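These notes are about the structure you will find just below.
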Amino acid sequence: MIKYIPELTDIVLEEIPDKVTLAVEISNCRGSCLGCHSPFLKNDIGEELTPAVVDRLIADNFGVNCFLLLGEGKDKDALLRIAAYLKDKYPRIERAVYSGRQEVDPEFYEAFDYVKVGPYIAECGPLNERTTNQRLYYHREDITSRFWHKGLDPNR
Ligand code: SF4
């Protein structure tokens, strides 16, 4: 089972380049980021993310073209089942997952269009900073630099 935090579900425009993304926060995080910005997500909290919940969230947020799981939880099979459900039922909505781990299982790259890896390290910064240690892949291609278009420093 994977759980999400209903009250933190939101439409986001920055997390996945050029996408209108419905983002759900997943609890039971198994990351160990030293600079963890959301330690409460390590707890077993929230509600189960089921296919019926996915249906409702998408119906309530008509027009999104990406579904992002912010976190992967501890139940890989359940996570991959949700990804497979999305792919079957909503083929026009791309699937994304943010992991706090340095590497994820190879199946993630088959199940999701976008995969973000790397723990959050405060001094390196998040994806939109050139110093970041994190990486976002689209179909296994590293597209992290697409976050750096805004605020470019011409001297760098
Ligand atoms: S991925 Fe890292 S920053 Fe995010 S909740 Fe887990 S430990 Fe914290």
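Nothing in this text is a laboratory measurement; each read-out follows from the coordinates by a stated rule. Quick caveat: nothing in here was measured; it's all calculated off a predicted structure. Every residue, glycine among them, receives a Cβ derived from its backbone with ideal geometry; neighbour counts consider all protein chains shown.
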Scope the range 91-103; condition within 16 Å of the ligand (Cβ to nearest atom), surrounded by fewer than 19 Cβ atoms within 10 Å (Cβ to Cβ) and not basic (K, R); matching residues
Q102, E103
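Using the structure shown, decide if A52 is more than 12 Å from I2 (Cα to Cα) and surrounded by fewer than 16 Cβ atoms within 10 Å (Cβ to Cβ).
Criteria met by A52.
Would you pick out the residues in the range 89-119 that are over 18 Å from P51 (Cβ atoms) and in a strand (DSSP E or B)? Lay out the reasoning, then the answer.
We begin by selecting, within the range 89-119, every residue over 18 Å from P51 (Cβ atoms); these are 98-110, 113-119.
Correct list: Y98, Y114, V115, K116, V117.
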When you scan the range 1-88 for strands (runs of 3 or more DSSP E) that lie fully inside it, which ones turn up with 2 or more residues that are touching a helix residue (DSSP H, G or I) at 6+ places or on another chain (Cβ under 8 Å) and away from the ligand (no atom under 11 Å from the Cβ)?
21-25, 66-70
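Residue under question is E129, and the condition is that it be exposed (fewer than 15 other Cβ atoms within 10 Å of the Cβ), within 14 Å of the ligand (Cβ to nearest atom) and over 22 Å from G46 (Cα atoms); does it hold?
no
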S32 being touching a residue at least 40 places away in the same chain (Cβ under 8 Å) and surrounded by fewer than 20 Cβ atoms within 10 Å (Cβ to Cβ):
yes
With the condition kept exactly as written, say whether any residue in the range 110-124 is surrounded by 14 or more Cβ atoms within 10 Å (Cβ to Cβ), over 16 Å from the mean Cα position of the chain (by Cα) and within 16 Å of the ligand (Cβ to nearest atom).
yes
